[in-house]
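K.L.:
Below: one structure in structure tokens.
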Amino acid sequence: DSDLTPEEFSQIACTINNDRNRISNNIVDRARHGTGHTQHDMFNLRSGSIKIRLPDVVVWPKNEEELSSIISIATQRNWCVIPFGGGTNVTHANHCPEKVTDTRRMISVDMKLMNQILWVNEEDGLAHVEAGITGLHLIEQMNKRGFTIGHEPDSYEFSTLGGWIATKASGMKQNKYGNIE
């Protein structure tokens, strides 16, 4: 069960204008956000035998201001914030530490609503892109502008730019373009 009190849940909800469609302590959302795509994770999800600690709440910010508010509250209350991209990791990156190791509240922040290309500087070959954009969307949008990404992990359709950076992802074209970093 979630350790988050109703007051704490409401405090987080206020950061996203009380949009109850963008905050959840539902077990299914928490299980999906506390696991990845390892065989073990997938088996546990499908069989319903999840024995690991799950996030206490999942929240979906849609802009930098909301994200900043979530992080401010978490900092004030000494909560742990775990960013969530596409959930395709096979490194246990979304697993919460066991309570015997870390008793703080665990907040999963799903970045998928922050998925825009904010600007592209064609002269310098730079782009400002939000962390929640999927590889597929990023590749499509940059190709329309005449650019290639070069980084193409197996999970590019579902994985996100933020996830690539957070996990130092590698891709099929790494020999030519290198890894994400």
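K.L.:
Could you tell me which GluC sites (Glu not before Pro) in the range 18-120 are loop residues by DSSP with no more than 13 other beta carbons within 10 angstrom of their beta carbon?
P.N.:
When the GluC sites (Glu not before Pro) of the range 18-120 are filtered for loop state and at most 13 Cβ neighbours within 10 Å, Glu98 remain.
K.L.:
Now, a different point. Mind putting together the pair-distance distribution for the range 15-67? All Cα pairs, 5 Å bins, whole percent per bin, short to long.
P.N.:
4, 20, 25, 17, 15, 9, 9, 1
K.L.:
Here is a follow-up. With every atom except the alpha carbons ignored, what do you get for Rg and Dmax of the range 112-159, in angstroms?
P.N.:
Looking at the range 112-159, its Cα Rg and Dmax stand at 10.5, 30 Å.
K.L.:
Quick one: among His137, His92, His128, which has the greatest mean-square fluctuation in a GNM of the chain with alpha-carbon springs under 10 angstrom?
P.N.:
Result for the chain, Cα springs under 10 Å: His128 fluctuates most.
K.L.:
Then there's this: Mean shadow of the range 51-99, computed from the convex hull of its alpha carbons, in nm²?
P.N.:
Directional mean of the projected Cα hull area for the range 51-99 stands at 4.2 nm².
K.L.:
Next question. Any chance you could run the full-extension gain for Asn143 through Asn21? It's 0.36 nm times the residue separation minus the Cα-Cα distance, nm to one decimal.
P.N.:
40.7 nm
K.L.:
Give the Debye-formula value of log10 I(q)/I(0) at each listed q (0.16, 0.17, 0.20 Å⁻¹), with one equal scatterer per alpha carbon of the range 1-95, two decimals each.
P.N.:
Computed log10 I(q)/I(0) values: -0.68, -0.76, -1.00.
K.L.:
Using a 1.4 Å probe and counting only protein heavy atoms, arrange Ser159, Ser10 so the residue with the most accessible area comes first.
P.N.:
So, going from the largest accessible area down, we get Ser10, Ser159.
K.L.:
Continuing with this model, one more query. When the chain is fully extended, how far beyond the present Cα-Cα distance does Glu98 get from Lys51, taking 0.36 nm per residue of separation?
P.N.:
Value of the extension gain: 15.9 nm.
K.L.:
To the nearest 10 degrees, how steeply does helix 135-144 sit against the main Cα axis of the chain, on a 0 to 90 scale?
P.N.:
30
K.L.:
Rg and Dmax in Å for the chain, alpha carbons only: what are they?
P.N.:
My reading of the Cα-based Rg and Dmax gives 17.3, 52 Å.
K.L.:
Also: For the range 56-125, what relative contact order do you get, as a whole percent, if you take Cα pairs closer than 8 Å and at least 6 residues apart?
P.N.:
So the answer I get is 49 percent.
K.L.:
What do you get for trypsin sites (Lys or Arg not before Pro) in the range 57-157 restricted to DSSP loop and a cutoff of at most 15 other Cβ within 10 Å of the site's Cβ?
P.N.:
Lys99, Arg145
K.L.:
In the Gaussian network model of the chain, springs joining C-alpha atoms below 10 Å, which of Ser24, Ser47, Ser68 carries the largest mean-square fluctuation?
P.N.:
Ser47
K.L.:
Using r as the Cβ-Cβ distance of Val28 and Asn78, and R0 as 22 Å, what FRET efficiency do you calculate, to the nearest 0.05?
P.N.:
Once rounded, the FRET efficiency stands at 0.20.
K.L.:
If each DSSP helix of 4+ residues adds -39,500 (n - 2.57) and the sum is divided by the residues in the chain, what number results at 222 nm, nearest 500 deg cm²/dmol?
P.N.:
Helices in the chain give a 222 nm mean residue ellipticity of -9500 deg cm²/dmol.
The values are calculated or read from the model by the stated rules, or taken from the named source; none is laboratory data. Values in this document were obtained by computation on a predicted structure and should not be read as measured data. Cβ: placed from backbone, ideal geometry, glycine included. Neighbour counts: every protein chain shown. For the accessible areas, the whole protein counts, side chains as well, though only heavy atoms, and no ligand, DNA or RNA atoms are used. Shrake-Rupley method; radii C 1.70, N 1.55, O 1.52, S 1.80 Å.
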